[in-house]
Amino acid sequence: MKKEYRIGLFFILVLTIVLTFVVIWRRQVINHSSDENGELKQNTNVQTVPLDNKQNPYQDTDEVSQVQRMEVVTTRDTICIYENIDKKDGYLSIEEKRLPAEYIGLRREELAAALEEDSKVSEDKEKGFQSQHLELFSAERVKILRIYDTTQESTGYYIMEVNGEICVYKHDRTTLYFRTGLRVENLPDVVKREVQVGKYMDNELQVYHFIESYSS
């Protein structure tokens, strides 16, 4: 009887130990699951809040750059580069000069408008000048493209002053065509200035009409 009693106590002790281990194991599993769910929930709650216009650093940079560009003006130290291209043969020449006084203190849009307006009354039209365009603009330098077309000059004539007399030269401005006998002092001031730099005529008919207009 005592032997059977001891065996029963032994099995009860083993069963108690097993149940204790099972309970501890389940607690660990439950706690581990709770931790994972908590981390997942925490990560899920993270939200990305879009920046508004005031918080966007790139937009601020763009706006500042735009304002700075609008405030840039030419100065007395601005270098002016002219690129002259002749449509006749594609010849390109480059000149670097001081910026004309009338273009000082202008923003990009104002300078572009001034160049377009000056194209209409340029004294270089007789040299084949057609138009000019602003290509590069900064406070340090501006680049202006000027378009010429000297095709017509290969067949025309120039009325020029030589020692006070009005003479007609061929298109090369060096070959004398004939002397008119007219004196430059008898011409109106506007015409006088034109012949002093060389007044271009397309053909002989225009030359003769000019001579007749100012002959006494």
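The values are calculated or read from the model by the stated rules, or taken from the named source; none is laboratory data. Note that the structure is predicted; figures quoted are calculated from it, not measured. Here the Cβ positions follow ideal geometry from the backbone for every residue, glycine too, while neighbour counts run over all protein chains shown. These area figures cover heavy atoms from the full protein model, side chains too; ligands, DNA and RNA do not enter into them. Shrake-Rupley method; radii C 1.70, N 1.55, O 1.52, S 1.80 Å.
Remarks
- Being open to solvent by less than 80 Å² (accessible area, probe 1.4 Å), at pLDDT 90 or above and acidic (Asp, Glu) is true of residue 110.
- Residue match in the range 96-105 (condition: within 26 Å of residue 82 (Cβ to Cβ), surrounded by 13 or more Cβ atoms within 10 Å (Cβ to Cβ) and charged (D, E, K, R)): no
- Whichever residue in the range 194-209 is over 12 Å from residue 180 (Cβ atoms), open to solvent by 80 Å² or more (accessible area, probe 1.4 Å) and not aliphatic (A, V, I, L, M) and, among such residues, is farthest from the chain's Cα centre (by Cα): 209
- Filter pass, residue 207 being closer than 25 Å to residue 86 by Cβ, in contact with a strand residue (DSSP E or B) (Cβ under 8 Å, 6 or more places away or on another chain) and at pLDDT 90 or above: yes
- Residues within the range 148-182 that are within 39 Å of the chain's Cα centre (by Cα) and free of Cβ contacts under 8 Å to residues at least 12 places away in the same chain, tallied: 1
- Selection status of residue 117, open to solvent by 80 Å² or more (accessible area, probe 1.4 Å), more than 16 Å from residue 82 (Cβ to Cβ) and modelled with pLDDT under 95: yes
- Selection over the range 194-204 of residues that are closer than 15 Å to residue 127 by Cα and either part of a helix (DSSP H, G or I) or basic (Lys, Arg) (or both) gives a count of 5.
- Taking the listed residues 135, 212, 185, 140, the one that is acidic (Asp, Glu), in contact (Cβ under 8 Å) with a residue 60 or more places away in the chain and open to solvent by 30 Å² or more (accessible area, probe 1.4 Å) is 140, with no other qualifying.
- Filtered residues of the range 91-119 (kept if touching a residue at least 12 places away in the same chain (Cβ under 8 Å) and part of a loop (DSSP other than H, G, I, E, B)): 99, 100, 104, 105, 106, 107
- Residue in the range 162-171 that is modelled with the highest pLDDT, counting only those that are under 21 Å from residue 125 (Cβ atoms) and open to solvent by 70 Å² or more (accessible area, probe 1.4 Å): 170
- Some residue of the range 120-129 being closer than 24 Å to residue 210 by Cα, assigned to a loop (DSSP other than H, G, I, E, B) and either of a type in the set (D, E, K, R) or open to solvent by 60 Å² or more (accessible area, probe 1.4 Å) (or both): yes
- For the range 130-181, filtering for residues that are touching a Gly at 6+ places or on another chain (Cβ under 6 Å) and over 25 Å from residue 211 (Cβ atoms) leaves 2.
- Selection of the range 195-207 for residues being in contact (Cβ under 8 Å) with a residue 60 or more places away in the chain and of a type outside the set (A, V, I, L, M, F, W, C) yields 198, 199, 200.
- Conditions (1) out of contact with any Phe, Trp or Tyr (no Cβ under 8 Å at 6 or more places or on another chain); (2) hydroxyl-bearing (Ser, Thr, Tyr); (3) in a strand (DSSP E or B): number failed by residue 174: (3)
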